[in-house]
Amino acid sequence: MQRYDTVAITATKTKEGFIRDAPIIGRTGILQYQKEDGTNRFEYRPPEEAFNADSLASLKGKPITIGHKGFVDAKNAAEIKPVGTVLSEGQQDGDSIRAEIVIYNLDTTARELSCGYTLDLEETAGTTPNGEHYDAIQRNIRYNHVAVVPKGRAGVARLNLDGEQEINGEGEKIMTEKMTKIKLDGGLEYDAAPEVAVYVDKLREDTATLNQKISELNTDNDKLQAKYDAALADNEKIKSEGEKKLAELKANFDSAVKNRVELLNVATKHKVEKADSLSDKEIKIAVIKSVRGDKINLDVKSDEYIDAAFDLSKEEIQTHEDALANQRQQLKNSSSDKNDSDDDSPENALNKLIDYESKLYEQEG
């Protein structure tokens, strides 16, 4: 962060025409700044910070400029065109800081000094040992330049020169009244014409409005993003559930087809007519009746009872079929064991098999 403080200089003119002096360039205590909303902000510069050795040493060799033109470095010094130099380190003088300076050409009506420096602000409110309130404390002050300005924060310090150097007081007053302070973000403070200050205020107002709109758009965008993410999650859930349901339906379909085929096979064995046009339950009832007889009343029976009775009927017909198959096999085996003779000729054996098959058919009926 940067700050600019102002005090008066009392200077003399050398034989070369340079202005040289050792003015007060800073002090300890409360420094008042005006915030953008017009209210005042009070910052405390304690003695241990104001007279810190590194801070005082940072003054030596720093350029002197006409007005504050931002942070001065080797890259922009030629453009800023310094008009003097700080010759010494800062020295404590009571509650103030002095330094030797030289100004080569003072082509301005301005007669006060204002220091430009960086610092760290400790945002802690409190009161000084003298009981003065402050909003923050200035720490790690490092000087960058010293500027000659029409009117600084002190308001009473003035540059006193010899007769040739003195500027008409009215001209000073007119220039001072025409200038105003502009404090930029980060603490930079400039002297500027009123119309410039108005323009800067307008820019700040437009920027604030734009930032508000950007904030609102970001909020809307976040809401839309949240809706999109929720919809995407719902879609993935629906897709997953759909795939699961489809797999279940396929498995159920395959199982239903398999069961239907098996049921139709059982119906065929039991000589159930037009089984393919009957429902599964109707086929089961027809099979049960083919085994138990038509007199059995299944109208009031539950589905569970019909399923159980059907399973028993299937087992009985299967057992009966197995018994018939065994009998046929035994007949074949006994026929093959007999010797060739007129009575046991292939023709006689075939006739016996046909006769036996007829008896088995009658038993099945």
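Checking GLY70 against (1) surrounded by fewer than 20 Cβ atoms within 10 Å (Cβ to Cβ); (2) modelled with pLDDT under 90; (3) small (Gly, Ala, Ser); (4) under 21 Å from ASP135 (Cα atoms), which single condition isn't satisfied?
(4)
Yes/no matrix, rows are residues, columns are (1) in contact with a helix residue (DSSP H, G or I) (Cβ under 6 Å, 6 or more places away or on another chain); (2) acidic (Asp, Glu); (3) modelled with pLDDT of 90 or more:
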site: GLY84; (1), (2), (3): no, no, yes
site: GLU100; (1), (2), (3): no, yes, yes
site: ARG111; (1), (2), (3): no, no, no
site: GLU132; (1), (2), (3): no, yes, yes
site: ILE141; (1), (2), (3): yes, no, yes
site: LEU159; (1), (2), (3): no, no, no
site: GLU166; (1), (2), (3): no, yes, no
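Can you spot a residue in region 46-66 that is under 25 Å from VAL198 (Cα atoms) and of a type in the set (Phe, Trp, Tyr)? Please lay out each step first, then the result.
At the first step, the residues of region 46-66 found to be under 25 Å from VAL198 (Cα atoms) are 65-66.
Now restrict to residues that are of a type in the set (Phe, Trp, Tyr): none.
No: region 46-66 contains no residue that is under 25 Å from VAL198 (Cα atoms) and of a type in the set (Phe, Trp, Tyr).
Pull out all pairs, ordered by first then second residue, where Cβ-Cβ is under 8 Å, the residues are six or more apart or on different chains, the first lies in region 68-89 and is over 19 Å from SER55 (Cβ atoms), and the second is at pLDDT 95 or above and surrounded by 18 or more Cβ atoms within 10 Å (Cβ to Cβ).
ALA77/PRO63; ILE80/PRO63; PRO82/PRO63; GLY84/PRO63
With the condition being open to solvent by less than 50 Å² (accessible area, probe 1.4 Å) and touching a residue at least 40 places away in the same chain (Cβ under 8 Å), I'd like the strands (runs of 3 or more DSSP E) fully within region 13-66 carrying at least 3 qualifying residues.
Numbers: elements: 19-21, 24-27, 29-34, 40-45, 63-66.
Output list reads 24-27, 29-34, 40-45, 63-66.
Take the residues in region 299-327 that are modelled with pLDDT of 80 or more and assigned to a loop (DSSP other than H, G, I, E, B), then tell me which one is nearest to SER255 (Cα to Cα). Reasoning before the result, please.
As a first pass, look at region 299-327 and keep what is modelled with pLDDT of 80 or more: 301-312.
If we keep only those that are assigned to a loop (DSSP other than H, G, I, E, B) as well, we get 301-302.
Numbers: LYS301: 25, SER302: 23 Å.
Restricting to residues being modelled with pLDDT of 80 or more and assigned to a loop (DSSP other than H, G, I, E, B), the top hit is SER302.
Of all residues in region 255-290, which are in a helix (DSSP H, G or I), of a type in the set (Val, Ile, Thr) and surrounded by 17 or more Cβ atoms within 10 Å (Cβ to Cβ)?
Quick first cut of region 255-290, residues in a helix (DSSP H, G or I) only: 255-269, 275-277, 280-290.
Still in the list and also of a type in the set (Val, Ile, Thr): 257, 261, 266, 268, 283, 285, 287-288.
Across region 255-290, the qualifying residues are VAL266, ILE283, ILE285, VAL287, ILE288.
Starting from region 237-265, keep only residues that are more than 30 Å from SER277 (Cβ to Cβ), then list their pairs with residues that are assigned to a helix (DSSP H, G or I) and of a type in the set (A, V, I, L, M, F, W, C) whose Cβ atoms are within a distance under 6 Å, requiring at least 6 positions of separation or different chains.
From region 237-265, no pairs qualify.
Looking at (1) among the hydroxyl-bearing types (Ser, Thr, Tyr); (2) under 16 Å from GLY26 (Cα atoms); (3) modelled with pLDDT of 90 or more, which is the only condition THR124 fails?
Among (1) among the hydroxyl-bearing types (Ser, Thr, Tyr); (2) under 16 Å from GLY26 (Cα atoms); (3) modelled with pLDDT of 90 or more, the lone unmet condition for THR124 is (2).
The values are calculated or read from the model by the stated rules, or taken from the named source; none is laboratory data. Quantities reported herein were computed from a predicted structural model and do not represent experimental measurements. With ideal geometry, Cβ positions are generated from the backbone for all residues, glycine too; neighbour counts draw on all protein chains shown. Note: accessible area is taken over every heavy atom of the protein model, side chains too, but ligands, DNA and RNA are not part of it. Shrake-Rupley method; radii C 1.70, N 1.55, O 1.52, S 1.80 Å.
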